[in-house]
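Okay, structure first, notes after.
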Amino acid sequence: MRKAFYLYTLLLFYFSDTTAQSVTQTVRGSIVDKESNQPLEGVNVYALKDSTILQTSITTADGAFRLEKIPVGRVNVAATLIGYKRVYIPNLLVNAGKEAVLNVEMESSVETMKEVEISGVRKGETINEMAVLSARAFSVEETERYAGSRGDPARMASNYAGVSGTDDSRNDLVIRGNSPFGVLYRVDNVVIPNPNHFAVAGATGGSVGILNNRMLTTSDFLTGAFPAEFGNAVAGVFDIRLKNGNNERHEFTAQLGMLGAEVFGEGPLSKKDKSSYIFNYRYATLEGLVKLGIDIGTEAIPKYQDLQFKMNFPMKNGDKLSVFGIGGWSQINFITSNRLKPEERDIYASKDLDEYFRAALGMLGVTYTHRVNDHEYSKTSFALSTQYNKNNFYRVIRHVDSTTGNFVVDTMYRKLSYFFVNTRYTLSYLRNNKISNRSSIRYGITSEMYQPHFVDSNLLEPAITASVSDYTWRKRLNINSGIHLLLQPFVQWKYAINEKLSTVVGLHGQYFTLNHRFSLEPRFSIKWQFKPNQSLAFGTGLHSQILPVYQYFLQDDNGYRYNRKLDYMRSFHAVLGYDVFFKKDIRIKAEIYFQLLWSLPVDTFASSYNMLNEGSGFDRFFPSKLQSKGLGRNMGIEVTLEKFFTHNWFLLFSGSVYDSRLQGGNGKWYNSSFNGQYILNLLGTKEFKWGKKRLNTIGIGGKITFGGGQRYTPYDTTLSQLYEDPVPTDSLRNQFQFKPYFRFDVKLNYRCNTKRFTHEVGIDLVNVTFQKNILRLQYVNPQNPANEVYQLGFLPLFYYRLDFWIGKKQW
């Protein structure tokens with residue numbers, strides 16, 4: 001494999017040096033008003049190389065522009081129009097294999113007859129104009145540059161300030177010390193279930209993201225004090241947008257790597273009405289890594305596949321109809337019974353249990369965007385989604401042979417089985433009215449209808465028994481009927497007092513028919529642009545969230561659902577931020593925040609348990625009867641220093657110092673499970689030009705993460721020996737912390753352009769220093785009650801990617 005890699009790389013260098021000098025490509029797209037979503041006619045669009053204008057274009061009545069015969073490589077694109085703030089897109093990557101299609105939004109100026117020059121490069125600003133602070137936009141190209149992100153949007157987001165990503169096995173988003181299940185995922189205005197492979201109920205993360213970064217257009221990531229249109233979340237929001245396919249030409253991508261194979265395609269369904277399609281399919285298995293002897297943390301072979309698609313149909317009068325779908329399937333079997341030696345352990349396997357795990361996600365949605373008039377539009381979305389989990393555990397009874405020292409299996413029996421199908425019907429309506437250049441209003445409602453089917457049976461195993469036949473089964477969940485609605489109306493108003501001062505006021509409502517809980521949540525933010533390149537912002541508001549749905553249906557031996565009436569988890573956010581741009585490509589951003597949480601589920605008796613310590617592992621959680629009387633508190637300060645991608649390099653530093661505490665049912669305060677206290681990220685990439693015309697590139701990137709270690713609770717040795725399972729010491733909840741987390745990743749890639757193709761070969765080197773980061777404690781036996789379990793070792797991920805197009809050039 002290594003020789004083939006070297007040979008192919010040499011061939012790419014040869015062909016790039018002999019064919020790249022005449023390669024050009026088209027840059028085109030559309031421009032709309034950011035607040036009214038209406039196309040803008042007469043916008044002047046320029047393609048520039050340094051200070052030289054390569055091509056110019058003027059948008060048509062439908063906002064379209066076209067810049068042809070642009071040399072491959074990197075160019076700058078600018079757009080100007082009287083009454084709007086100038087847009088500048090630096091270092092746009094132009095490849096031979098794909099057209100560069102831009103969807104640009106221009107923000108109007110309060111002074112309508114003035115073209116406003118923006119100082120600096122406003123990269124990272126959100127698509128949602130109502131999000132004033134604690135928000136960040138990200139693009140597909142960014143995900144490609146970040147070392148160690150593996151094309152996963154969630155792992156990419158872990159590089160941002162306030163987000164902790166110190167668990168190599170999962171892509172959970174720990175935002176400002178909150179539990180990951182406080183994060184809301186939304187795709188094209190529709191709330192979606194956990195969009196990850198190997199996902200379990202009650203979590204929002206998994207081992208691998210289902211959503212592929214190539215399917216996304218510029219999207220928003222919000223970490224606090226979010227606008228009123230977002231609800232049912234106390235931690236953060238991932239507002240993802242699927243991009244539309246190329247409506248003029250068929251373009252494809254094929255990729256083969258250590259994690260499997262995938263194919264991507266986009267193109268016109270009908271050139272006459274400009275309808276388009278886009279899709280991505282991936283099949284992956286880690287079997288190749290295991291056979292090469294690379295430690296992935298388990299000998300089990302994870303397998304997964306996923307598919308996403310979107311079809312876009314432009315209609316009369318500027319209306320649009322889109323149909324989209326997301327699907328994923330994953331499976332893994334942890335087999336303990338075939339292990340011979342007592343010291344052989346799998347860090348993800350259960351003690352003395354064989355496990356057969358299956359998970360799936362399916363979603364189909366449709367969105368209709370209606371142009372009401374020149375300053376108003378509405379968007380209606382409907383989606384059907386299903387999240388599926390099935391798992392079977394078999395207890396392995398065995399002994400150690402005195403002669404060989406090997407395990408001998410005596411018997412096996414079923415210990416635990418569960419089957420979860422959570423079907424959700426989502427209907428959302430949004431209407432946006434740009435009243436004037438100073439004022440706009442947005443209002444709507446989201447309705448989620450839950451149809452749960454949860455079955456969970458656990459075999460009770462007393463410590464002393466005559467035979468397995470004496471064991472009894474307990475049904476912890478048994479629900480296959482009923483429909484429950486979560487209704488979320490909202491209204492928000494943005495008003496620009498002048499060119500420097502603007503404010504957003506909103507109100508979000510929430511009503512859950514399962515237990516008739518209601519919440520009314522005011523939101524407020526204000527931004528003061530006191531200098532052209534500097535601003536101060538403040539945001540505050542109330543937020544609430546329902547529990548993971550299956551928690552409401554936990555039952556005792558008599559079938560009584562003891563947690564059905566629990567209240568929302570509620571929180572108050574307050575954030576103060578400062579933002580400065582200088583030297584056109586450098587940004588410094590700092591935020592200080594405070595979050596108070598209340599109505600959190602805790603035990604009805606004196607204990608340290610608080611549900612917000614859950615949500616980050618591969619296990620579901622089954623608490624006893626709870627009450628909504630717990631408290632929580634998060635506070636911290638975040639700093640981001642970013643040098644945007646100019647002059648062929650970029651640099652990003654993000655740092656957070658924070659404290660996260662939770663109160664148990666005993667009234668005492670403890671560290672939360674996510675209180676790492678600090679997290680630092682430093683990453684960057686440098687590109688080098690190659691070839692006679694310097695149109696091909698070599699990229700060298702790296703990432704360093706340094707953060708506080710995982711919190712842990714020591715085991716109670718007496719109780720653990722009694723139950724033959726780990727029992728934490730309740731009074732020492734999260735009192736201890738593993739040594740700090742450190743990881744250094746490197747990414748190398750080479751991109752080569754020929755007439756119709758763009759070749760890219762690269763390798764992502766994860767944990768190049770072979771650092772042994774501690775993941776958790778694992779219970780072994782009463783004599784040796786806890787072993788430290790380490791996270792991933794060194795992981796090399798090679799890939800080859802080919803972009804190409806089919807058809808004839810139109811110029």
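The values are calculated or read from the model by the stated rules, or taken from the named source; none is laboratory data. Nothing here was measured: the structure is a model prediction, and the numbers come from that model. Cβ: placed from backbone, ideal geometry, glycine included. Neighbour counts: every protein chain shown. Please note that ligands, DNA and RNA were not included when accessible areas were found on the heavy atoms of the full protein model with its side chains. Shrake-Rupley method; radii C 1.70, N 1.55, O 1.52, S 1.80 Å.
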Nearest-0.05 FRET efficiency for residue 748 and residue 461, computed from C-beta distance (R0 56 Å): 0.60
Sequence of 340, 459, 765 when ordered by accessible area, the most exposed leading, probe 1.4 angstrom: 340, 765, 459
Surface accessible to a 1.4 Å probe, residue 57 within the full protein complex, Å²: 20
Among 242-250, 186-194, the order from most to least packed when residues are scored by Cβ within 10 Å on average: 186-194, 242-250
Given charges at beta-carbon only (K, R positive; D, E negative), |dipole| of region 660-751 in Debye: 1200
Note, ³J(HN,Hα) from phi for region 304-321, Karplus 6.51, -1.76, 1.60, rounded to Hz, x at Gly and Pro: 7, 8, 8, 9, 10, 8, 8, 10, 10, 10, x, 10, 5, 6, x, 6, 9, 10
Charge tally in the Cβ shell below 10 Å around residue 562, where Lys, Arg are +1 and Asp, Glu are -1, residue 562 excluded: +3
Of 500/629; 34/98; 629/772; 583/703; 390/703; 34/272, those spanning more than 31 Å from alpha-carbon to alpha-carbon: 500/629; 629/772; 390/703
Normalised per residue, the volume of the convex hull around the Cα set of region 454-595 (Å³): 192
For region 682-690, 3J(HN,Hα) per residue [Karplus equation, 6.51 cos²θ - 1.76 cosθ + 1.60, θ = phi - 60°, Hz, x = Gly/Pro]: 9, 9, x, 8, 10, 10, 10, 6, 8
Nearest-0.05 FRET efficiency for residue 217 and residue 802, computed from C-beta distance (R0 25 Å): 0.65
Crossing angle, helix 2-19 versus the chain [Cα axis fit, 0-90 degrees, rounded to tens]: 10
Fraction of beta bridges assigned by DSSP in the chain that are antiparallel (%, nearest 5): 95
Principal axis dimensions, largest first and in whole angstrom, of region 338-417 by Cα: 85, 22, 12
Region 579-704, Rg to Rh (Cα coordinates; Rh as Kirkwood inverse mean 1/r): 1.23
Pairs of Cα atoms farther than 39 Å apart, the chain, %: 39
Region 317-454 pair-distance distribution - Cα-Cα, 10 Å bins, rounded %: 10, 24, 19, 15, 13, 10, 7, 3, 0
Computed lengthening from residue 647 to residue 372, 0.36 nm per intervening residue step minus Cα-Cα distance: 94.6 nm
Residues of the chain: accessible area per residue with a 1.4 Å probe, Å²: 41
Per-pair calculated FRET efficiency, R0 = 45 Å: residue 382 and residue 475 via Cβ, rounded to 0.05: 0.85
Dipole moment magnitude, nearest 20 debye, the chain about Cα centre, only Lys, Arg, Asp, Glu C-beta charged: 1720
Furthest towards positive pole of dipole, 388, 364, 378, structure part region 348-403, Cβ charges: 388
Inter-probe distance in nm under a simple model that places probes 7 Å from Cα toward Cβ, at residue 272 and residue 706: 6.4
The chain - mean residue ellipticity at 222 nm from DSSP helices (-39,500 (n - 2.57) per run, n ≥ 4, rounded to 500): -1500 deg cm²/dmol
Fraction of accessible area attributable to carbon and sulfur, the chain (%, probe 1.4 Å): 58
Sequence-distant residues sharing a close amide H with residue 664 (under 5 Å, placed H): 670
Cα centre as origin, Lys/Arg/Asp/Glu Cβ charges: region 598-717 dipole, Debye: 660
In order through region 233-243: 3J(HN,Hα) via Karplus (6.51 cos²θ - 1.76 cosθ + 1.60), integer Hz, x for Gly, Pro: 7, 10, 10, x, 9, 10, 9, 9, 10, 7, 7
Part-to-part distance (alpha-carbon centres) for region 77-95 and region 124-190, which is given in Å: 25
Selection from 572, 766, 334 lying farthest towards where the dipole of the chain points positive, charges on Cβ: 766
Relative packing of 586-599, 618-631, which averages over residues the other C-beta atoms within 10 Å, highest first: 586-599, 618-631
Neighbour net charge for residue 515 - beta-carbon separation under 12 angstrom, K R +1, D E -1: +3
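When Lys and Arg each count +1 and Asp and Glu each count -1, what net charge do the other residues less than 15 Å away from residue 741, Cβ to Cβ, add up to?
For residues surrounding residue 741, the net value is +3.
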Extension gain from residue 722 to residue 763, taking 0.36 nm per residue of separation minus the Cα-Cα distance: 9.8 nm
Options 227, 213, 242, ranked by Cα towards positive dipole end of region 161-304, top entry (Cβ charges): 242
